[in-house]
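Visitor: Below is a structure I'd like to ask you about.
The values are calculated or read from the model by the stated rules, or taken from the named source; none is laboratory data. As the structure is a computational prediction, the values presented were derived from the model and not from experiment. With ideal geometry, Cβ positions are generated from the backbone for all residues, glycine too; neighbour counts draw on all protein chains shown. For accessibility, only protein heavy atoms count, side chains too; no ligands or nucleic acids. Shrake-Rupley method; radii C 1.70, N 1.55, O 1.52, S 1.80 Å.
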Amino acid sequence: MTQTTSSDVSLPIFGIGKRAKKRWTVLITVQVLIIAHVLLWYIGTQYNWFGGKTLTPIEPSEGMEFVKNGIVNAGGIFFVLALLSTWIFGRWFCGWGCHIVLLQDACFSILRKLHIRPRAFRARLLMWFPLGLGVYMFIWPLFYRVALAPWLQPNLKPFEISTHLLTEEYWSTFAPPMVAIPFLLVCGFATVYVLGAKGFCTYGCPYGGFFKPLDTASPMRVRVNDNCQQCGKCTAACTSNVRVHEEVNLYKMVIDNGCMKTQDCIDACPNDALSIGFGSNAIGKRTKPQTYDLSMGEEILVAALFLLGFFVFRNMYAMVPMLMAVGMSLVGTWVTWKGVQVLLKENVSFHRTQLRFHGKLRHAGMVYLLLTSIVVMFTTHSALVYGFWWAGDIARSSEDLDAA
């Protein structure tokens, strides 16, 4: 294989290939089915169809009901099937079946039409958060019930398995509609704009935290043949932020568990060098460390800012759901980190806009610092609100009503 050149990798945006069209069709079909499910429930409650009941939400988060209370529902069954299929076929569900990926890809497509191509943000510590959040959602409740509840809550109701596949309260576990639009903007446009094509998937999705290690064990991978010329077009086309040309050169396949099997790289290859198929998995294959955008000091700062933002935004004003808090914190963390760069580094840019050049702050840089200040003040205000709320609850529990 020949050596790649920088001009090869920095290519313009590619068109939609035949596999991409199929994927868009599948993603849109999934969204239509979700909408049909909601409408069927809503109309059914108005006209008492099926006794006003419908299938419980087919949403992975519903699986929390099993680990908490032993309740088997449609969402929990779906999540188990998604995990099993990922072990066999790799991280296909993220790329072909997730409505959040449809949202991010649609936002990315709109930004591309505006001649904006967001750059992937690569941070090593932040990548561990999805797994941590997944453990908190699906492992911690079981651990608490088995190991801690006998000591802390001896009267806790015994764990009994039951089924709950139909419901009259379909929307009871979802955020109200007034939160939906800000959620779409934050977890769609905002995260894509600052973190890259699938930034929320990389740093915010708790289900992806489980899909990634299962993908590593999967035998289904993008593989290469001898036709590869290392032109880099596969990497330029990839929206999963994978360095495809490097991986196939080193390992004869893509081993990055961020690969969502979208197959955009296969469409982009001019030499028919790439294909997807079964073979050896990626366990123990990596020999070259991955590269990241941040020093370790910056990594620690970014991780600390993110955790602070997540905890203060979650359930803020009794409105913000957990995944929206993740998106808000990701965007706020990136904006703050970039603001620190503007203050400390001689040359800083944001997309095509130069914020600071040879130590001189540009007008755009001043505007950006103002934006950073607003983000920091909003986060600080949210932290104070949360702190007073917490202190008030403590005072009330101690029956100190004046202090509460």
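Visitor: What are the residue pairs meeting all of these: first residue in the stretch 86-98, first residue open to solvent by 30 Å² or more (accessible area, probe 1.4 Å), second residue assigned to a helix (DSSP H, G or I) and of a type in the set (K, R), Cβ atoms under 6 Å, and 6 or more apart or on different chains?
Guide: Correct list of pairs: W96/R23.
Visitor: Could you list all residues from the stretch 174-217 that are in a loop (DSSP other than H, G, I, E, B) and over 22 Å from I139 (Cα atoms)?
Guide: Of everything in the stretch 174-217, those that are in a loop (DSSP other than H, G, I, E, B) and over 22 Å from I139 (Cα atoms) turn out to be A175, P176, G196, A197, K198.
Visitor: Which condition from (1) open to solvent by less than 30 Å² (accessible area, probe 1.4 Å); (2) under 22 Å from the mean Cα position of the chain (by Cα); (3) touching a residue at least 60 places away in the same chain (Cβ under 8 Å) is the one that V242 breaks?
Guide: (3)
Visitor: Every residue in the stretch 62-79 that is farther than 16 Å from L166 by Cα and either open to solvent by 30 Å² or more (accessible area, probe 1.4 Å) or at pLDDT below 95 (or both), please.
Guide: Listed by number, the residues that qualify are M64, V67, K68, N69.
Conditions tested, residue by residue: (1) of a type in the set (A, V, I, L, M); (2) out of contact with any helix residue (DSSP H, G or I) (no Cβ under 8 Å at 6 or more places or on another chain); (3) open to solvent by less than 20 Å² (accessible area, probe 1.4 Å); (4) without any contact (Cβ under 8 Å) to a residue 12 or more places away in the chain.
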position	(1), (2), (3), (4)
E298	no, no, no, no
L305	yes, no, no, no
L308	yes, no, no, no
F311	no, no, no, no
R314	no, no, no, yes
V335	yes, no, yes, no
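Visitor: Return the only residue of I276, I255 being part of a strand (DSSP E or B), without any contact (Cβ under 8 Å) to a residue 60 or more places away in the chain and either in contact with a helix residue (DSSP H, G or I) (Cβ under 9 Å, 6 or more places away or on another chain) or within 22 Å of F129 (Cα to Cα) (or both).
Guide: So the residue among I276, I255 that is part of a strand (DSSP E or B), without any contact (Cβ under 8 Å) to a residue 60 or more places away in the chain and either in contact with a helix residue (DSSP H, G or I) (Cβ under 9 Å, 6 or more places away or on another chain) or within 22 Å of F129 (Cα to Cα) (or both) is I276.
Visitor: Run down G392, G327 and say which single residue is under 22 Å from the mean Cα position of the chain (by Cα) and among the small types (G, A, S).
Guide: G327
Visitor: A further question follows. Could you please find all residues in the stretch 279-308 being assigned to a helix (DSSP H, G or I) and touching a Leu at 6+ places or on another chain (Cβ under 8 Å)?
Guide: Correct list: E299, I300, V302, A303, F306.
Visitor: Quick one: would you say A237 is surrounded by fewer than 20 Cβ atoms within 10 Å (Cβ to Cβ) and in contact with a helix residue (DSSP H, G or I) (Cβ under 9 Å, 6 or more places away or on another chain)?
Guide: No.
Visitor: Anything in the stretch 316-333 that is in contact (Cβ under 8 Å) with a residue 60 or more places away in the chain and farther than 22 Å from G196 by Cα? List them, or say none.
Guide: M316, Y317, M319, V320, P321
Visitor: Looking only at the stretch 119-175, count how many residues are within 19 Å of P213 (Cβ to Cβ), aliphatic (A, V, I, L, M) and open to solvent by 80 Å² or more (accessible area, probe 1.4 Å).
Guide: Residues that pass the stated criteria total 1.
Visitor: Would you mention how many residues in the stretch 348-404 are outside any strand (DSSP E or B), among the polar types (S, T, N, Q) and surrounded by 12 or more Cβ atoms within 10 Å (Cβ to Cβ)?
Guide: 5
Visitor: To continue, here is another question. Looking only at the stretch 224-234, filter to residues that are open to solvent by less than 40 Å² (accessible area, probe 1.4 Å) and not in a loop (DSSP other than H, G, I, E, B); which one of those is farthest from Y193 (Cα to Cα)?
Guide: The residue in question is V224.
Visitor: What number goes with the only condition from (1) closer than 30 Å to W140 by Cβ; (2) surrounded by fewer than 21 Cβ atoms within 10 Å (Cβ to Cβ) that L27 does not pass?
Guide: Every listed condition holds for L27 apart from (1).
Visitor: Hey, another quick one. All but one of (1) modelled with pLDDT of 95 or more; (2) open to solvent by 80 Å² or more (accessible area, probe 1.4 Å); (3) closer than 24 Å to S172 by Cβ; (4) not aromatic (F, W, Y) hold for A82, so report the exception by its number.
Guide: The one condition A82 does not meet is (2).
Yes or no, residue by residue, for (1) among the hydroxyl-bearing types (S, T, Y); (2) modelled with pLDDT of 95 or more; (3) under 24 Å from G17 (Cβ atoms):
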{"site": "A217", "(1), (2), (3)": "no, yes, no"}
{"site": "T235", "(1), (2), (3)": "yes, no, yes"}
{"site": "T239", "(1), (2), (3)": "yes, no, yes"}
{"site": "P270", "(1), (2), (3)": "no, no, yes"}
{"site": "K288", "(1), (2), (3)": "no, no, no"}
